[in-house]
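A.B. asks: For reference, the structure I am asking about is given below.
The values are calculated or read from the model by the stated rules, or taken from the named source; none is laboratory data. Since the model is a prediction, treat every value here as computed from it, not as a measurement. Here the Cβ is made from the backbone with ideal geometry for all residues, glycine too, and neighbour counts use every protein chain on show. Note: accessible area is taken over every heavy atom of the protein model, side chains too, but ligands, DNA and RNA are not part of it. Shrake-Rupley method; radii C 1.70, N 1.55, O 1.52, S 1.80 Å.
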Amino acid sequence: MNVGKVQGTKMLDLFRYLVESKKILSLQVIGTRFECLTFVTEFKENSKQSHIIINLPSDFGKAVENLKVLELSFNFNGPDNVEYLFTTKGGTYKNQELKVPLPDYIKRLQRRKNFRLLTPKGTQMNFQSKNLKGTFDLINISLGGTYCVLELKGLPISKRPILKVKQPIFNISIVFPGQQSAEKRDIHIKKAEVVRVEPDKKSFRHKYAFEFKYIDKDEKQKLIESIYRLQREYLQRR
C-alpha cells in the first residue's frame, strides 16, 4: 500500500473541499468503540492556530465523558476518489459544534477507492457457501465490499470462525431495513470473498470483511443508488 502525506497549501485546499462539498467523514473516537458519520461545517484560519468545526454527532458527549484528551480519527474519499485519513488531538465541543485543531498532515491511502458507509441497524446480507447458509448483520458497506458480523441463529457456536480468509460465498443478497420484497430493491451479488476475520472471544460473533468479486451491471447500479440514498438520509437527519 502506498501512503502519501498531504501538507501545507494542499492540505488546506482539502479542508476547503470538505466544507464546500459537505463530504461525509467517518469519525472514530480513539480509545472507545464510538464510530459515526459526520461532516465539516467550517474551516477557520488564524495566525495562532487554525481549526475545523465538525457537526457534533449524537451521543458524542456520552462517549467521551471519561476521556482526559480527545483523540479522533477521520477518513473520507477525496475529490480524486482515493481514501484520506487524519487524526487530531485535543479540541472542545458544545451545542452542535465539535472544534478540533488542524492535523500536521493528512495521509493519502491508495489501497482503497471505495468509501465505507455505516449501514442502518437491521441491514442484513444473506449468503451461501457450499452446504452452509447464513446471515450477516452489516456494519458498513462500500462499492467494493462489506464489513459485518455473523448472525449465530441456527448456526453452531464456535471459538473458531466459520469462514476463513480467501473463502468465497455465493448467492448473496443485501437487504436494507424498511424495504419490501415487492420493491425489488434487494441487491444481489454472485460472489464475494473473505479478506479479513476479526474474532470476538467473548461472544464468538466473528466480524468479517468481504470483497465483492462478481456483481452484474444492473445490481452494481442498485448498490450505487442505495449508497447515495444512505448518504442523503444521513445528511437530512443532521
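A.B. asks: What number do you get for the range 1-117 when its Cα radius of gyration is normalised by 2.2 N^0.38 Å, N = residues? Kindly include the intermediate steps, with their values, before the conclusion.
C.D. replies: Numbers: Rg = 13.7 Å, N = 117, 2.2 N^0.38 = 13.4 Å.
Taking the Cα Rg and dividing by 2.2 N^0.38 Å, one obtains 1.02.
A.B. asks: Quick query: amide H of LEU56 versus all other amide H atoms, modeled in the peptide plane; which residues come in under 5 Å with a sequence gap of 5 or more or a different chain?
C.D. replies: When sequence neighbours closer than 5 places are left aside, the close amide H contacts are GLU97, LEU98.
A.B. asks: So how strong a dipole does the range 5-44 carry about its Cα centre when Lys and Arg Cβ are +1 and Asp and Glu Cβ are -1, to the nearest 20 debye? Intermediate values should be presented prior to the final figure.
C.D. replies: Values: 7 positive and 4 negative charges, 19 e Å.
The calculated dipole for the range 5-44 is roughly 100 debye.
A.B. asks: If I ignore ligands, DNA and RNA and count only protein heavy atoms, how much of LYS213 is accessible to a 1.4 Å probe, in Å² to the nearest 10?
C.D. replies: 80
A.B. asks: A follow-up question, please. Order TYR17, TYR208, TYR93, most accessible first, counting only protein heavy atoms with a 1.4 angstrom probe. Walk me through the numbers before you get to the answer.
C.D. replies: On the way: TYR17 55, TYR208 0, TYR93 90 Å².
Reading off the accessible areas and sorting them downward yields TYR93, TYR17, TYR208.
A.B. asks: Leaving ligands, DNA and RNA out of it, rank ARG33, ARG16 by accessible area with a 1.4 Å probe, largest first. Walk me through the numbers before you get to the answer.
C.D. replies: On the way: ARG33 235, ARG16 80 Å².
Highest to lowest solvent-accessible surface, that is ARG33, ARG16.
A.B. asks: Per residue, how much accessible area does the range 1-98 have with a 1.4 Å probe, in Å²?
C.D. replies: Numbers: 5650 Å² over 98 residues.
Per-residue accessible area for the range 1-98 comes out at 58 Å².
A.B. asks: Then there is this: If you take the charge dipole of the range 1-138 about its Cα centre, with +1 on Lys and Arg Cβ and -1 on Asp and Glu Cβ, which of THR41, SER21, ASN81 is farthest toward its positive end?
C.D. replies: ASN81
A.B. asks: How high is the relative contact order of the chain, in percent, counting Cα pairs under 8 Å that sit 6 or more residues apart? Can you show the working numbers first?
C.D. replies: Numbers: 466 pairs, mean separation 32.9, N = 238.
It comes to 14 percent, rounded to a whole number.
A.B. asks: So which aspartates and glutamates can LYS166 reach, going by Cα to Cα under 15 Å and dropping same-chain residues fewer than 8 places off?
C.D. replies: Reachable aspartates and glutamates: GLU193, GLU198, GLU211.
A.B. asks: Based on the alpha-carbon gyration tensor of the chain, what equivalent-ellipsoid semi-axes (square roots of 5 times the eigenvalues) come out, in whole Å, largest first? Numbers along the way, then the final one.
C.D. replies: Values: eigenvalues 234, 80, 61 Å².
Rounded to whole Å, the semi-axes are 34, 20, 17.
A.B. asks: If you don't mind, there's one more thing I want to ask. In degrees, nearest 10, range 0 to 90: what is the angle between the Cα axis of helix 8-21 and the longest Cα principal axis of the chain?
C.D. replies: Relative to the chain, helix 8-21 is tipped by roughly 60 degrees.
A.B. asks: Got a number for carbon plus sulfur as a percent of the chain's accessible area, 1.4 Å probe?
C.D. replies: Numbers: 6540 of 14240 Å².
After summing per-atom areas, the C and S share lands at 46 percent.
A.B. asks: Debye sum, Cα scatterers, the range 53-107, no solvent: what log₁₀ I/I(0) at q = 0.17, 0.22, 0.28 1/Å?
C.D. replies: Values, matching the q order: -0.60, -0.91, -1.20.
A.B. asks: While we're here: Could you give the size of the charge dipole of the chain about its Cα centre, using +1 on the Cβ of each K and R and -1 on the Cβ of each D and E, expressed in debye and rounded to the nearest 20? Walk me through the intermediate numbers first.
C.D. replies: On the way: 44 positive and 25 negative charges, 136 e Å.
Computed about the Cα centre, the dipole is about 660 debye.
A.B. asks: Please list PHE34, PHE86 from largest to smallest accessible area, probe radius 1.4 Å, with all protein chains kept in place.
C.D. replies: Working: PHE34 40, PHE86 0 Å².
So the residues, ranked largest to smallest area, are PHE34, PHE86.
A.B. asks: For GLU45, what accessible area in Å² do you get when you roll a 1.4 Å probe over the heavy atoms of the protein chains, rounding to the nearest 10?
C.D. replies: About 100 Å², ignoring ligands and nucleic acids.
A.B. asks: What number, rounded to the nearest 500 deg cm²/dmol, is the helix-based mean residue ellipticity at 222 nm of the chain, given -39500 (n - 2.57) per DSSP H run of at least four residues and division by all its residues?
C.D. replies: Result for the chain: -5500 deg cm²/dmol, rounded to the nearest 500.
A.B. asks: Let me ask you something else. With everything on Cα atoms, drop me the angle between helix 217-237 and the longest principal axis of the chain, reported from 0 to 90° to the nearest 10.
C.D. replies: Value to nearest ten degrees: 40.
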